[in-house]
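Accompanying notes for the structure given below.
The values are calculated or read from the model by the stated rules, or taken from the named source; none is laboratory data. Keep in mind that this is a model prediction, so the values were computed, not measured. For neighbour counting, all protein chains shown are included, and Cβ atoms are generated from backbone atoms with ideal geometry for every residue, glycine included. All accessible areas refer to the heavy atoms of the entire protein, side chains included, with ligands and DNA or RNA removed. Shrake-Rupley method; radii C 1.70, N 1.55, O 1.52, S 1.80 Å.
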Amino acid sequence: MAPVSEDVSETKNLLDKLVVLKLNGGLGTTMGCTGPKSVIEVRDGLTFLDLIVLQIENLNNKYGCKVPLVLMNSFNTHDDTQKIVEKYTNSNVDIHTFNQSKYPRVVADEFVPWPSKGKTDKDGWYPPGHGDVFPSLKNSGKLDAFLSQGKEYVFVANSDNLGAIVDLKILKHLILNKNEYCMEVTPKTLADVKGGTLISYEGKVQLLEIAQVPDEHVNEFKSIDKFKIFNTNNLWVNLKAIKKLVEADALKMEIIPNPKEVDGVKVIQLETAAGAAIRFFDNAIGVNVPRSRFLPVKATSDLLLVQSDLYTLVDGFVTRNKARTNPSNPSIELGPEFKKVANFLSRFKSIPSIVELDSLKVSGDVSFGSSVVLKGNVTVTAKSGVKVEIPDGAVLQNKDINGPEDL
């Protein structure tokens, strides 16, 4: 893609056409937190949401533009988010929120909506996945409001992807080439074998998700030789095109059944993914982006990476440390004792240095002192009933620790 000129007025013109939308419907439950996932502290006491607001505020200050931030909440996160965004009233960012749809869970063995069987509390309902972003943006009235302000594109991304920052090169390319839709993809590694991929099918670019692959082809789908890229869920979409398609009821994305068990009842949630909409837009493209644009925090092992010396934080942007020569991040496996954020934090006096780490595997009752340095391949295993404490200042290089006697 062609670079963007240094001309501030050209950049301002581009940014004046942009809306940034973050998918904010998820809860932090898997990481042991209550409330929206976007309010988990990521680094230096700042939450996902703090970093997002800081990034856009810096853009707006630097170029004298007014890029708005839109949060798509679910009924699970809406009330909390409304309270939380009040703290940004004095920032140079207009923050908008809207609620995505709410669908009834289906009782699996009868195929009837659960609420109609008397399940009237909120457990009878679910948010139907991020494919719902397009109709919900329209239904909220926000889509028409942005179009009337001259906005042309929305940049949609997961609120937990720290790498999803505004990229002027992509925006400029889409405007010049009249691409109605752009999906950011990145080369697949062994850590991403479940990620959706782009395929050419029936003359259209389409998204293929693992849930759509027959069992006998799943290993083929996971192959990084056959399918070399995966969807980051960073999406750029033309606002007029969204309006046209939603009004024509033309966005018929594949439905992905998501089986769950709630209060002992087997239910089905019917969901759609925003990436699957790619086939309905004209001139849709995928763009291969550097891995740095995909930095999701799904578990405490990701939090360890982001809080460590592997990254630095400048103006809300999380940037990789140049001292790390290996292009890929270390693989980190932490046992269940580290699953919840509070437990994770209590087990590290300070986050170890991992610039030279290749892999870390921790299991059992293990805790780390301050200023620990990890290099190469390190395994720390505490047997049942044994506590292993890594002392302050310890340097572990290519070590396999199976008890206090190995330290």
Fill in the blank from the handout: Checking the range 319-376 for trypsin sites (Lys or Arg not before Pro) in a loop per DSSP with at most 11 other beta-carbon atoms within 10 Å yields Lys322
Completion exercise
Taking GluC sites (Glu not before Pro) as exposed when in a DSSP loop with at most 11 other Cβ atoms inside 10 Å, the chain has its longest clean stretch at 203-407
Problem - Among the listed pairs Lys12/Lys151; Lys17/Lys142; Lys66/Lys243; Lys37/Lys194; Lys83/Lys260, those beyond 20 Å (Cα-Cα) - result: Lys66/Lys243; Lys37/Lys194; Lys83/Lys260
Problem - Accessible area per residue in Å² at 1.4 Å probe, computed on the range 1-99 - result: 43 Å²
Fill in the blank from the handout: Per DSSP, the loop-located trypsin sites (Lys or Arg not before Pro) within the range 174-262 having at most 14 other beta carbons within 10 Å are Lys178, Lys194, Lys226, Lys228, Lys252
Practice task
Can you tell me the FRET efficiency between Lys240 and Asp109 if r is taken as the Cβ-Cβ distance and R0 is 60 Å, rounded to the nearest 0.05?
Solution key: 0.85
Handout entry: Extended-chain gain in nm, criterion 0.36 nm per residue less alpha-carbon gap, Glu86 and Ser223
Key = 44.7 nm
Fill in the blank from the handout: Full extension between Leu190 and Ser371 adds, at 0.36 nm per residue less the Cα distance, a length in nm of 62.1 nm
Practice task
Would you mind counting up the charge near Val267? Only other residues with Cβ under 12 Å from its Cβ, with Lys and Arg at +1 and Asp and Glu at -1.
Solution key: 0
Handout entry: Average accessible area per residue (Å²) across the range 300-406 - probe 1.4 Å, nucleic acids and ligands excluded
Key = 49 Å²
Problem - With Cα atoms, 0 to 90° folded angle of helix 168-177 axis to the chain main axis - result: 30 degrees
Problem - Cβ-based net charge around Val289, under 10 Å, with every Lys or Arg adding one and every Asp or Glu removing one - result: +1
Problem - Helical contribution to [θ] at 222 nm, DSSP H n ≥ 4, -39,500 (n - 2.57), averaged over the chain, rounded to 500 - result: -5500 deg cm²/dmol
Problem - Carbon + sulfur, % of accessible area of the range 171-329 - ligands and nucleic acids excluded, 1.4 Å - result: 55 percent
Practice task
Starting from the exponent 0.38 and prefactor 2.2 Å, build the expected Rg for the chain from its residue count and divide its actual Cα Rg by it.
Solution key: 1.04
Completion exercise
the range 229-364, convex hull of Cα, quarter of hull surface, nm² -> 12.9 nm²
Problem - All-pairs alpha carbon distance profile, the range 325-388, 5 Å steps from 0, percent - result: 4, 17, 26, 29, 16, 6, 2, 0
Practice task
Could you tell me the number of lysine pairs in the range 300-406 with C-alpha atoms less than 24 Å from each other, where the two lysines are 8 or more residues apart or belong to different chains?
Solution key: 25
Fill in the blank from the handout: Exposed chymotrypsin sites (Phe, Trp or Tyr not before Pro) being those in a DSSP loop with at most 15 other Cβ atoms within 10 Å, the longest stretch of the chain free of them is 112-407
Practice task
Would you mind working out the magnitude of the charge dipole of the chain relative to its Cα centre, with +1 at each Lys and Arg C-beta and -1 at each Asp and Glu C-beta, to the nearest 20 Debye?
Solution key: 500 debye
Fill in the blank from the handout: In nanometres, the difference between 0.36 nm per residue of separation and the alpha-carbon distance of Glu261 and Asp249 is 1.2 nm
